[in-house]
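Shown next, in structure tokens, is the structure this report addresses.
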Amino acid sequence: MKKLFYGIGITLAVLGSGCGGTSATTVKVFKYDGSVQCGSVGTAVTVMAAELSNAGVAVICSQKGQDGLAHPTVCGTATGAINIYQVDHTNLAKAETLGFAAVSTLASYQDQTCK
């Protein structure tokens, strides 16, 4: 009986750890950086991270990415560049009030490990 409880405890510990994958308690949010072709380079990842932090949303990690959509190569049009932040899932609504959205809303987004 003791071995059964020990085995159950280990199983629960492994399941609770997420097995090294993305944690179910976090979510990635993004906002377009505002960059345009032949023009501005857009808002830096660190600047938007400060916007989240100042609103009480702790940033776990951040990265630059693309929305996954095809954008025409025309000066003055959007580049599709986005700033991505991994945050606690309980802060999603707060991030959305700041203009961020969950990356899951981007149909063509290719997720990459946040560093």
| request: Only one of these is in contact with a helix residue (DSSP H, G or I) (Cβ under 8 Å, 6 or more places away or on another chain) and either within 20 Å of Tyr109 (Cβ to Cβ) or assigned to a loop (DSSP other than H, G, I, E, B) (or both): Val41, Val29. Name it. | output: Val29
| said: I need the full set of residues from region 92-101 which are in a helix (DSSP H, G or I) and under 12 Å from the mean Cα position of the chain (by Cα), in order please. | reply: Leu92, Ala95
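A quick yes/no check of all residues on (1) modelled with pLDDT under 95; (2) surrounded by 15 or more Cβ atoms within 10 Å (Cβ to Cβ):
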{"residue": "Lys31", "(1), (2)": "no, yes"}
{"residue": "Val41", "(1), (2)": "yes, no"}
{"residue": "Val45", "(1), (2)": "no, yes"}
{"residue": "Met48", "(1), (2)": "no, yes"}
{"residue": "Leu52", "(1), (2)": "no, yes"}
{"residue": "Ala58", "(1), (2)": "no, no"}
{"residue": "Gly68", "(1), (2)": "yes, no"}
{"residue": "Thr73", "(1), (2)": "yes, no"}
{"residue": "Gly76", "(1), (2)": "yes, no"}
| So, in region 36-58, of the ones that are without any contact (Cβ under 8 Å) to a residue 12 or more places away in the chain and of a type in the set (Ser, Thr, Tyr), which residue ends up farthest from Tyr85 (Cα to Cα)? | Ser40
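The values are calculated or read from the model by the stated rules, or taken from the named source; none is laboratory data. In this text the structure is predicted, and so the values were computed from the model without any measurement. Reconstructed Cβ throughout: ideal geometry from the backbone, glycine too, with neighbour counts over all protein chains shown.
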